[in-house]
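The values are calculated or read from the model by the stated rules, or taken from the named source; none is laboratory data. What you are looking at is a predicted structure, and each value in this text was computed from that prediction instead of being measured. So basically every Cβ, Gly included, is an ideal-geometry build from the backbone, and we count neighbours across all protein chains shown. Just so you know, the surface numbers come from the protein's heavy atoms only, side chains and all, with ligands and any DNA or RNA stripped out. Shrake-Rupley method; radii C 1.70, N 1.55, O 1.52, S 1.80 Å.
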Amino acid sequence: MGTHPPSAARRLSAARRQALQQYRARADRYDSELEPFEPLRREAIQRLDLRPGETVLDVGCGTGLSFGPLLDQLGPRGHIVGIEQCPEMMAQARLRFSDLRAQQLRLVQAPVEEAQWPGLAHAALFHFTHDILRSPRALDNVLAHLAPGARVVATGLQWAAPWVWPVNLFVLGAALYSVSSLDGLAQPWSELAPRLEGFEVHPTWMGGIFMATGVWPGRAP
Ligand SMILES: C[S@@+](CC[C@H](N)C(=O)[O-])C[C@H]1O[C@@H](n2cnc3c(N)ncnc32)[C@H](O)[C@@H]1O
C-alpha cells in the first residue's frame, strides 16, 4: 500500500498545534524574554501614527505587551481589539489591566483566520507574528475589519544577507523557538505587500528584522 502526502488542511492543523504548543509553554516567561526587543515595539507603534480616540487591531497580541504603549497614543477614548489563539498567552493579556483601561480592550481568543469581532479599525499591528503573516486567510480577515485608509505595520524576523551569517544564526535560533515553519523567512511580508498601498520595508538589526508599513485602500489593489 502506498503512502499519501498529508493534505494541506492536515499540514495546517499540525502547524497550528505546534504554534499553540510553543506559546502555551512560553506564556509565563514571554514578557522577560521579549525585553531586549522592546525598542522595536515602540518604533512599530510610532509608525502606526495613531490619533486619540482611534481603534487599533493588535493581531496575535500575545500577552498584551503592546497594550500600554498603544493606549498611550490612543488616549482614554481609544480602543484596542486584541486577537490571540493561545489561551495561556491571552490569560496574561487579560491580567494586564484591572483599572478603567480594561474597558478600552476587546480581547478575542481565536485563530485570526476564524476570529469575529464588530466594527472597522483605523490601524493594525502585526508585531512578531510570522505565522499570521504567512496565512492569507488571516490577512484577509484582518483587512476586512479595517476602514479604508487604515495604517498597517508589521514587524518580525527575516533572513539577512547570506554574508551576515552571525545574524542569520540569531534569526534561525529565534525562529525555531517562535514560529511553526521557517517558510517565507526570506520575505515574510510577501502575502501582505500586494494587499496594501504605499508598502515599504525597513530592515533593521543588520537585516535580521524587518519593519513593514502600508495603507489598506479599502479593497485589494
Ligand atoms: C511572537 S508572539 C508575538 C506576541 C505579541 N504580538 C507581541 O508583540 O509580544 C506571536 C503570537 O501570535 C500568536 N499566533 C500565532 N498564530 C496565530 C493565529 N493563527 N491566530 C491567532 N494568534 C496566533 C501566538 O500564539 C503568539 O502569542
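Summary of computed values
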item	result
Failed condition for residue 134, given (1) away from the ligand (no atom under 16 Å from the Cβ); (2) of a type in the set (Lys, Arg); (3) surrounded by 14 or more Cβ atoms within 10 Å (Cβ to Cβ)	(1)
Extreme residue, farthest from the ligand (Cβ to nearest atom), among residues of the stretch 34-70 that are open to solvent by less than 50 Å² (accessible area, probe 1.4 Å) and at pLDDT below 95	37
Any chance residue 87 is surrounded by fewer than 17 Cβ atoms within 10 Å (Cβ to Cβ) and away from the ligand (no atom under 16 Å from the Cβ)	no
Every residue from the stretch 44-91 that is within 16 Å of residue 129 (Cβ to Cβ) and assigned to a helix (DSSP H, G or I)	44, 45, 47, 67, 70, 89, 90
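For every residue, the table says whether it meets (1) closer than 21 Å to residue 46 by Cβ; (2) aliphatic (A, V, I, L, M); (3) over 17 Å from the mean Cα position of the chain (by Cα); (4) surrounded by 16 or more Cβ atoms within 10 Å (Cβ to Cβ).
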site	(1), (2), (3), (4)
170	no, no, yes, yes
173	no, no, yes, no
180	no, no, no, yes
184	no, no, no, yes
191	no, no, no, yes
209	yes, yes, no, yes
213	yes, no, no, yes
